[in-house]
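Read the figures in this text as sums done on the coordinates, not as results from a lab. Bear in mind the structure is a predicted one, so any value in this text is a computation, not a measurement. Virtual Cβ from ideal backbone geometry, glycine too; neighbours counted across all protein chains shown.
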Amino acid sequence: MAQIVHQLRSETLAQEYLIDVFRARGDERMARRLEAAPVSLEAGASEAWMRLRDRAMHEAGVGHMHQMRSVITGIFVPMWRVRAYTLREKVNIWRGKIWSRPFFWEDLLRDDLTARLTRLELPVYFFTGRHDYTANAELSRAYFNTIEAPVKGFYLFEDSAHSPLFEEPARARQILLSDVLGGTAALADTR
């Protein structure tokens, strides 16, 4: 779900897209803030970009979920209502998210799967949200097209951003039960 391909390239595409979105909305202040937050293939992602990106993505509908505008109301509060997690697990989810980023973020940003992983000996299924700019949907599609695998299926979720499993659960369930369990790609998008 939401396959990362080359995260730094995804970040640069997100910045370009977000500047255009906010400018088209007439929000010059946000467009200028995004322009002033450097992100590039050469220099990486600046702290200014990292502080601004999630808020901008959520406001534009291209972050965690297409219809979500806030991590607090869209993920944090609903996660606290899930009865399957203990209180400790709920706290540790957020602690882990905050604690782990410094250990892997730079490596993740610069890793380019297209340069090192295109042949797999297992089935490959990509669940991709059309509106995903966290892990760019077009980069995911292009990468998928380079992969050699015994079975592979690409599924574009039209009303989703980064979390199609949660945004369009009925379709995701249908694909899992039909294609993934059946070892086929009958429901895959053919574009």
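For the peptides 100-106, 128-134, residues were scored by their other Cβ atoms within 10 Å and the scores averaged per peptide; the highest-first order is 128-134, 100-106.
Near Tyr155, once Lys and Arg are set to +1 and Asp and Glu to -1 for all other residues with Cβ below 9 Å from its Cβ, the sum equals -1. Beta bridges per DSSP, both residues in the chain: antiparallel share near 30 percent.
If you take all other residues with their beta carbon under 13 Å from the beta carbon of Gly26, and give Lys and Arg +1 and Asp and Glu -1, the sum is +1. Here the spin labels are modelled as points 7 Å beyond Cα on the Cα-Cβ line, and at Phe166 and Trp80 they lie 1.5 nm apart. The shape of segment 7-110 can be summarised by an equivalent ellipsoid whose semi-axes, obtained from the alpha carbon gyration tensor, come to 28, 19, 10 Å from longest to shortest. In percent, rounded to a whole number, the relative contact order of segment 60-191 is 29, using alpha-carbon pairs under 8 Å and six or more apart.
Gain on full extension, evaluated as 0.36 nm per residue between Glu158 and Leu108 minus their Cα-Cα distance, stands at 15.4 nm. The Cα center of segment 58-80 and the Cα center of segment 1-57 differ in position by 17 Å.
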